[in-house]
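To keep things clear, I will list the structure first and then write my remarks on it.
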Amino acid sequence: QVQLVESGGGLVQTGGSLRLSCAASGTLFSINSMAWYRQTPGKERELVAELPAGGRTNYADSVLGRFTASRDNSKNTVYLQMNSLKPEDTGVYYCRATRMGRIYWGQGTQVTVSS
């Protein structure tokens, strides 16, 4: 089992920044990838950034150049640095881990960008 806890969401003005954190615990070996998703009302959950184990981080086109995902293996934590935020970035941001064919989700953290 893998447990994920996100934090760092909040209310920010357009152009502002936030840094989200996702702390992982439980059985962490053999995690294939970590990822950040977001969901807005009425829309499907969409991929924001994916960090494959040992691979290059991939980003959604809508956040490329503004968001940076990173991981600190010593703390079992992944981060999402979000700069130049826009109102359309508003949503609930979820952390996802994939391990041995199973997918684990955190509870999500709300990000609201005011215009």
Q. How much of the accessible area of the chain, in percent, comes from carbon and sulfur atoms when a 1.4 Å probe is used?
A. 48 percent
Q) Treating the beta-carbon of each Lys and Arg as +1 and of each Asp and Glu as -1, no other charges, what is the dipole magnitude of the chain about its Cα centre, to the nearest 20 debye? A) 220 debye
Q.
Using Cα springs under 10 Å in a Gaussian network model of the chain, which residue among Ser62, Ser17, Ser74 shows the largest mean-square fluctuation?
A. Ser74
Q) With the contact rule set at Cα under 8 Å and sequence spacing of 6 or more, what percent relative contact order holds for the stretch 12-79? A) 31 percent
Q: May I ask you to derive the relative contact order of the stretch 46-115, considering only C-alpha pairs under 8 Å and at least 6 residues apart, and to give it as an integer percent?
A: 21 percent
**Q.** Longest DSSP-loop-exposure-free segment, trypsin sites (Lys or Arg not before Pro), the chain, at most 13 other Cβ within 10 Å
**A.** 1-42
Q. In the neighborhood of Leu51, defined by Cβ-to-Cβ distances under 13 Å, what is the net charge if each Lys or Arg adds +1 and each Asp or Glu adds -1?
A. +1
Q | the stretch 1-52: equivalent-ellipsoid semi-axes (sqrt of 5 x gyration tensor eigenvalues, Cα, Å) | A | 24, 14, 11
Q: Quick one: work out the % antiparallel among DSSP beta bridges in the chain, nearest 5.
A: 90 percent
Q) HN-Hα J couplings of the stretch 79-96 from phi, Karplus 6.51/-1.76/1.60, θ = phi - 60°, integer Hz, Gly and Pro as x? A) 10, 9, 8, 10, 10, 6, 5, 10, x, 6, 7, 4, x, 9, 9, 10, 9, 10
Q | Fraction of the pair-distance distribution of the stretch 57-105 above 15 Å, Cα-Cα pairs, percent | A | 56 percent
Q. So which chymotrypsin sites (Phe, Trp or Tyr not before Pro) in the stretch 1-76 end up in coil per DSSP with only 14 or fewer other C-beta atoms within 10 Å?
A. Phe29
Q: Note down the net charge around Ser114, summing +1 for each Lys or Arg and -1 for each Asp or Glu among other residues with Cβ under 15 Å from its Cβ.
A: -1
Q: Pull up all non-local amide H partners of Leu85: gap of 5 or more, or a different chain, and H-to-H distance under 5 Å with H placed in the peptide plane.
A: Gly15, Gly16
Q: Under 14 Å from the Cβ of Phe29, count the other residues' Cβ atoms, weight Lys and Arg +1, Asp and Glu -1, and hand me the total.
A: +2
**Q.** Interchain or long-range residues, amide H under 5 Å from Gly26's placed H
**A.** Gln3
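The values are calculated or read from the model by the stated rules, or taken from the named source; none is laboratory data. What you see is a predicted model; the values in this text were computed from it and never measured. Neighbour counts are summed over all protein chains in view; Cβ atoms, including those assigned to glycine, are modelled from backbone coordinates with ideal geometry. Just the protein is used for accessible areas: all its heavy atoms, side chains included, with ligands, DNA and RNA removed. Shrake-Rupley method; radii C 1.70, N 1.55, O 1.52, S 1.80 Å.
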